[in-house]
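Student: Here's a structure for you.
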Amino acid sequence: MFRLVIHDIDTAYTIGQLTLQREQILNTLAQQYPKLVWKLDDRYVSANQCIPKLSVYNNIALIVAPNSDGYRDFVHELENNPWRLKFRITLFPVPVQGENAATEMVKAIVKANSVSNCQAIILVRGGGSQTDFSPFDSLELSLAVAGSKLPIFTGIGHERNVSIVDELAFAQLKTPTKCAAYLVEWNYKVVVELLSAKTNLLQFAQKMMIQKRNQVASYRSQVAKSAMWLVISQKQKVTNQLQKLQMLYPTKTLQRGYALLRKDGKIVDSVGEVQLGDAVVIQLKDGDVNAQIVNKN
């Protein structure tokens, strides 16, 4: 009976083969699906990476292995954020390693794209060996990620692990925890902007109120001055009119050298009102003179 004892393994061969396979898959995607994957300079770009960014991502679909460390790390980071931001999570539990993992994750991506009001898909898993990540280097999963209508955020490995799915996803974060932290920080930026906008709006409103109050005060002052000048002007006009009326009083007229002629107590203002021999009274400024009409021209 023989026994085989392995003291060491040269991983260069295995890793080298994986790198070669990944490059072949990327080339295949670029050639067969040029609208979804294409090469730009020395890197590959996907349609998923060209989706416009939203202001917030708080309604998300989470694709992850159930009860895994990746799931717990992601949810813990999300739920215990220091700003108490709220997230709505639709869970899609799938295996993330093994023979059927890639197929199950593709199905989950398709379903997640049909979730109403969903804003993003989160694909996470914990760490592992390089060979454990083979589903994330598969053609079918890479194609599903590149063509997803919803942006896909990944957190599927440690610092040294970069898969095809990472390269083609909307945003690549190294771990589930960092993926959750990214979403929290992204959404918090909006909170900061809103708070800043609120502060600016309040300051603007206060400034406008002060300006309007000053304007009202200025208008009041102008109105008061205008009213005062109007009253003074009208008073002056009334005074002038009274002076003119006073000048027309009979007594004032007599003082200027004129005389009033009365007959039978009535003022005579026409030659035709008197006859020869009529007795009249001539009123002067300092008294009356009795007279008789002896001549008419």
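The values are calculated or read from the model by the stated rules, or taken from the named source; none is laboratory data. Small disclaimer: the values here were computed from a predicted structure and weren't measured. Cβ atoms come from the backbone with ideal geometry, glycine included; neighbour counts cover every protein chain shown. Note: areas computed on protein heavy atoms with side chains; ligands, DNA, RNA excluded. Shrake-Rupley method; radii C 1.70, N 1.55, O 1.52, S 1.80 Å.
Student: Of the listed peptides 282-289, 165-172, 67-74, what is their order by residue-averaged count of other C-beta atoms within 10 Å, with the highest listed first? Write out the running numbers ahead of the final one.
Tutor: Working: 282-289: 11.5, 165-172: 23.1, 67-74: 17.9.
Per-residue mean Cβ counts within 10 Å order the peptides as 165-172, 67-74, 282-289.
Student: Students often check this: by mean Cβ neighbours within 10 Å, which of 27-38, 231-242 ranks highest, and how do the rest follow? If you can, show how the numbers build up before the last one.
Tutor: Values: 27-38: 15.6, 231-242: 10.0.
Top to bottom by mean Cβ count within 10 Å: 27-38, 231-242.
Student: Please give me the summed charge of the neighbours of Asp269: other residues whose Cβ is under 13 Å from its Cβ, Lys and Arg +1, Asp and Glu -1.
Tutor: Values: positive: Arg262, Lys263, Lys266; negative: Glu273.
Here the count lands on +2.
Student: Once you sort the root eigenvalues of the Cα gyration tensor of region 86-128 as a ≥ b ≥ c, which label holds: rounded (a/c under 1.5), prolate (a/b larger than b/c) or oblate (the other case)?
Tutor: Numbers: a/c = 3.09, a/b = 1.54, b/c = 2.01.
Oblate, because a/c is 1.5 or more while a/b does not exceed b/c.
Student: What aspartates and glutamates sit close enough to Lys39 to cross-link, taking a C-alpha to C-alpha distance under 12 Å and skipping anything fewer than 8 places away on the same chain?
Tutor: Glu23, Glu167
Student: Using a 1.4 Å probe on the protein heavy atoms, what percent of the accessible area of region 11-109 belongs to carbon and sulfur? Don't skip to the answer; put the middle values down first.
Tutor: Numbers: 3110 of 6190 Å².
About 50 percent, which is the carbon plus sulfur part of the accessible surface.
Student: Tell me which aspartates and glutamates have Cα within less than 17 Å of Lys296's Cα, excluding those fewer than 8 residues away on the same chain?
Tutor: Candidates past the 8-residue exclusion: Asp269, Glu273, Asp278.
Student: Less than 17 Å apart at the alpha-carbon level, and either on another chain or at least 8 residues along: which lysines does that give for Lys189?
Tutor: Excluding near neighbours in sequence, the set is Lys53, Lys86, Lys178, Lys198.
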